[in-house]
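Data block below; observations after.
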Amino acid sequence: MSSESEPISDRVAAAAARTVAAATARLSSAWGSGSPVPEAQDQRCEGVADFAVRRARVSQVLVPERMAAGLSAGMGDDEAIRALNEPREMIYDGANAFIRVASRWTSFSVGDPGGPRGSNDPLWPLDALFGARDDAVEVGREAVRGVPVTRYRLTVDLARADAAVPAGVSVPGGPYRGLAAMPAEVWLDQDGQARRVAVLTEPVTASADEPIWAILELWDFGVAVDITPPQPDEVAAPRDVDWETPGSTA
């Protein structure tokens, strides 16, 4: 049943829960530079998500193409940048993030799978959307991956999101007061599910470069998904893996 007849604030407030209720989906994540609509060079990863167990499996570049170009100009080390831009299989499991390097798994931090996702997790914008405030306004009708959607502009309160998400929500850097009204945009389909969520993760200041948006796109809701994170004895320390070996994709 369509949710488009609901008041805008109610429709947007319910979007995160309606999306998670779909159980699984395919996903794409990007860091948008200056815009909540991603371009090809903003792409970070693509894969699948299992909302019920709070996991995602993706093929990810550690540094998106747009950022890699800037690093290459500053560092002058094209070979090192190419290694960072090599797609690698990653599994996000709650607060954990595992990277496959050649035939081995590693992680820079292993914590509580039931803890809050890090702000670099591709599903973090969906958690943030649970904190939608009642200030949403309709921007217009568009399409995301061929699906008709309605675009809304709003702010999210991460304290509200933290209370709504059982595992809690992590926060990006920035002034504490800014966490109560972070600019966001969401594109909802006729069922009220989020097809794209974008959250401005860095405060806009006169001296800052283009603002960075954390962007999540979702499609193929209900797709078959099986994501099994590595066991503790299968995870090597980052210093013990060969980062120069090309990684396998998801």
Practice prompt. Calculate, for ALA40 and ALA181, the FRET efficiency according to 1/(1 + (r/R0)^6) with r their C-beta to C-beta distance and R0 41 Å; round to the nearest 0.05.
Written response: 0.85
Worksheet item: Put a dot 7 Å past each Cα toward the Cβ at ALA52 and ARG26; how far apart are the dots in nm?
Response: 2.1
Practice prompt. Using the number of other C-beta atoms within 10 angstrom as an exposure proxy, rank ARG18, ARG145 with the fewest first.
Written response: ARG145, ARG18
Practice prompt. Between GLU210 and ASP240, with labels modelled 7 Å along Cα→Cβ, what's the label distance in nm to one decimal, could you check?
Written response: 4.1
Item to complete: Quick one: compute the contact order of the stretch 8-234, relative version, from alpha carbon pairs under 8 angstrom and 6+ residues apart, as a percent.
Response: 25
Worksheet item: How many angstrom separate the Cα center of the stretch 147-184 from the Cα center of the stretch 211-245?
Response: 23
Worksheet item: How big, in percent, is the set of alpha carbon pairs in the chain lying more than 33 Å apart?
Response: 18
Practice prompt. Return one quarter of the surface area of the convex hull spanned by the alpha-carbon atoms of the stretch 97-241, equal to its mean projected area, in nm².
Written response: 11.6
Worksheet item: Using 0.36 nm per residue, how much length does the chain from ARG153 to ASN120 gain when fully extended, once their Cα-Cα distance is taken away?
Response: 9.7 nm
Discussion item. Checking a compactness column here: for the stretch 100-178, what do you get for Rg(Cα) / (2.2 N^0.38 Å), N being the number of residues?
Written reply: 1.41
Worksheet item: Angle between the Cα long axis of helix 8-20 and the longest principal axis of the chain, 0 to 90 degrees, nearest 10?
Response: 40
Fill in: Dipole moment magnitude, nearest 20 debye, the chain about Cα centre, only Lys, Arg, Asp, Glu C-beta charged
360
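Throughout, read-outs are computed from the coordinates displayed, never taken from laboratory work. A quick note: this is a predicted structure, and the numbers were derived from the prediction, not measured. Cβ atoms come from the backbone with ideal geometry, glycine included; neighbour counts cover every protein chain shown.
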